[in-house]
Amino acid sequence: MPPVAAGEPLLPSYALAGAAEGERYAPAVARVVQSLIDYTRWPAPRNPLRLCLAGPAFHASRLDGLKLADGRQVDWRVLPPGAVSAGACDAVYIGQLPLPAQRQLTAALRGRGVMTIAEADPTCRSQAMFCLSFAAQAVSFRLNVDAVARSGLRVDPRVLRLSAGQP
Amino acid sequence: MSSERLPTIRDMLARVHLRLMLFAVLLAAASLTLSGGLVIRNYAQRNLDLVARTVAYTVEPAVVFDDRQAIVDGIASVADGGGVQQVEVFDPAGRVLARWNNPRAGLPAWVLQAGNRLLWPRPAAVPLMRGATRIGEVRITGNPEGLLRFALAGTIIALSTLALTVIATRILARRLQSDVIGPLEHVAEVAHAVRTERSFDRRVPVAGIAEIDRFGQDFNALLAELQGWHASMAREHAELSERVLLDPLTGLGNRAAFEAALADAVTHAVTTSQSFAVLYCDVDQFKAINDAHGHAAGDVALATVAERLRAVLRQADRAFRLGGDEFVVLLAPVGPGETVSRIAARLSQAMTPPITMPSGQAVCTGLSIGLATYPDDGLSPQELLRRADSAMYRDKRARSQNKDGGL
């Protein structure tokens, strides 16, 4: 695969390397995100479910056009930069944003019934509900219990067992 | 004795009890084991299904997230409780996603396999569903250890119950023996005593069991009748034998009684080395009295003579009437200061008073007495009697000569 297109000059150099791996992780990320959505209940059923991308992302190329296990469609939309108001989203995939920006975003979405998944926060300090972590072959996730508790969503408790950071 | 080889009632009771109880215990054990085994097998099957469903529920997110380590952890957290030998999770294509084996297999593998083949023809399988999509399958192989332990425990319990049964049979037989056979043995013992010892006064005691008591009452009633018969028979027999040996006119013993008494006296004298005497007496002029005064007068004379004999004789002496006017006296050994001839003289003297006849006339008579002493005059009864008889004739001749001479 050629390096990521020159159309994104704003990406830092380290991100370019990640972008090269993006296609490798993209299916796994799509699977994890879809599964997380599958195991989460919104206060009212969302159909279709609106999944938004905030910021640039390395592994989100397969997130467009997801289909849930129960057959619901997932609408994919990319939020414009700086648009922290996410009233139009049921789930937000937070891409490669600086930590303060991520925190700002999660703080704005807290208690609003919006799922947050952070791609670039392996230590899970952004207060996102789920933080992806990338191992050599597999994609796993950590779960921020505080964030899940305050999100207003119900996550299947069985998912807690799968969280990498949880005992 | 052949009777010792015959089975006793106690043996028969014990055998019957044992068979009955063995049959009951084996039947109960077999039916309990069978039904219990079936029930437990069903429960084990249900348990397997339940574990399979629980595993499916638990590992479903892990399968969705494709987290194999989480699958194994999830299986272990559910299936570790026991009753499960192996858990396998397959993906829809049939590839193994995770396999978990019970680390605590206590029995050899071949035992487990045989037990499994017997109990569960195929492993419990539950599909893994995510919504309407089939995302895999959980297959569980059971662990028959629990069932095998149940069978083992059942066998041990059945065996110990059998042992208890045998003991209980013995105790029951012993109790039955004391309750039933004891009273029967009382009856048998009484019957035996009645037969061998003629103890008709024995009675069967009350047993406290209705049938045996009825039997005992009838038996006692029979015994009472038997006792009555026996008593009357003995009485009649005694009367008859007395009558046979008695002279009805004088009340003295007759010839048969005398012969027996003489034989006894000889035997007694032989064993005790004592002497005794036989007095042979004959009434003088009895024929003349008979002729002159009639037979009734003769009878009176004989009775009077017998009475006078009895009056003179001592307690131990015995008088007999041999027939006609002949009497015999058996004299017991005489004490010191006493002689046989003096007794004879007293007898002779006792006859001197006249005898009053029924007609009112008085008749005088006397006794001719011959004496024979054992052992001086003879050793056998015949010899003694012969000697006494001839002595009596000598006396009679002497007396008649005296009389003639006196006249």
Item to check | Over region B:1-151, equivalent-ellipsoid semi-axes from the Cα gyration tensor in Å | outcome: 52, 14, 11
Next on the checklist: Looking only at the protein assembly as shown, where both bridge partners belong to it, what percent of the DSSP beta bridges are antiparallel (to the nearest 5)?
Outcome noted: 75
Checklist entry - In nm, to one decimal, how far is the modelled label at A:Ala107 from the one at B:His230, with both set 7 Å along Cα→Cβ? => result 12.8
Checklist outcome for this item: Here region B:295-302 yields Karplus 3J(HN,Hα) values (6.51, -1.76, 1.60; θ = phi - 60°; whole Hz; Gly and Pro given as x) of 5, 4, 5, x, 4, 4, 4, 4
Next on the checklist: Quick check on the protein assembly as shown: helices-only [θ] at 222 nm, where DSSP H runs of length 4 and up contribute -39,500 (n - 2.57) each and the sum goes over total residues. Nearest 500, please.
Outcome noted: -17500 deg cm²/dmol
Item to check | Gyration tensor over alpha-carbon atoms, region B:52-117, equivalent ellipsoid semi-axes in Å | outcome: 24, 13, 9
Checklist entry - For the protein assembly as shown, can you list the cysteines whose C-beta has no other cysteine C-beta under 4.7 Å from it? => result B:Cys281, B:Cys364
Checklist entry - Which of the chymotrypsin sites (Phe, Trp or Tyr not before Pro) across region B:71-145 are loop residues per DSSP, with 10 or fewer other Cβ within 10 Å? => result none
Item to check | Whole-angstrom Cα spans of the protein assembly as shown along principal axes, big to small | outcome: 207, 43, 41
Checklist outcome for this item: Those trypsin sites (Lys or Arg not before Pro) from region B:104-194 that are DSSP loop and have at most 13 other Cβ neighbours within 10 Å turn out to be B:Arg104
Next on the checklist: Using only alpha-carbon positions, what ratio does the radius of gyration of region A:41-160 give when scaled by 2.2 N^0.38 Å?
Outcome noted: 0.98
Next on the checklist: Springs between alpha-carbon pairs under 10 angstrom, Gaussian network model over chain B: which of B:Ala388, B:Ala93, B:Ala265 fluctuates most?
Outcome noted: B:Ala93
Checklist outcome for this item: Around B:Leu223 (Cβ within 10 Å, Cβ-to-Cβ, excluding B:Leu223; K/R +1, D/E -1) the net charge comes to -1
Next on the checklist: Could you tell me how far the Cα centroid of region B:205-222 sits from the Cα centroid of region B:264-299, in Å?
Outcome noted: 58
Checklist outcome for this item: Cα-Cα pairs in chain B separated by more than 31 Å, as a whole percent of all pairs, come to 70
Checklist entry - If you average over every viewing direction, what projected area does the convex hull of the Cα atoms of region B:218-328 give, in nm²? => result 10.2
Next on the checklist: Rounded to whole Å, give me the distance from the Cα center of region B:16-47 to that of region B:113-147.
Outcome noted: 28
Checklist outcome for this item: Computed curve, region B:98-177, Cα-only Debye sum without solvent term, log₁₀ I(q)/I(0) at 0.14, 0.25 Å⁻¹, is -0.69, -1.15
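Values in this text are rule-based calculations from the coordinates and carry no lab data. Just so it is clear, the model here is predicted, and its values are computed rather than measured. Cβ atoms come from the backbone with ideal geometry, glycine included; neighbour counts cover every protein chain shown.
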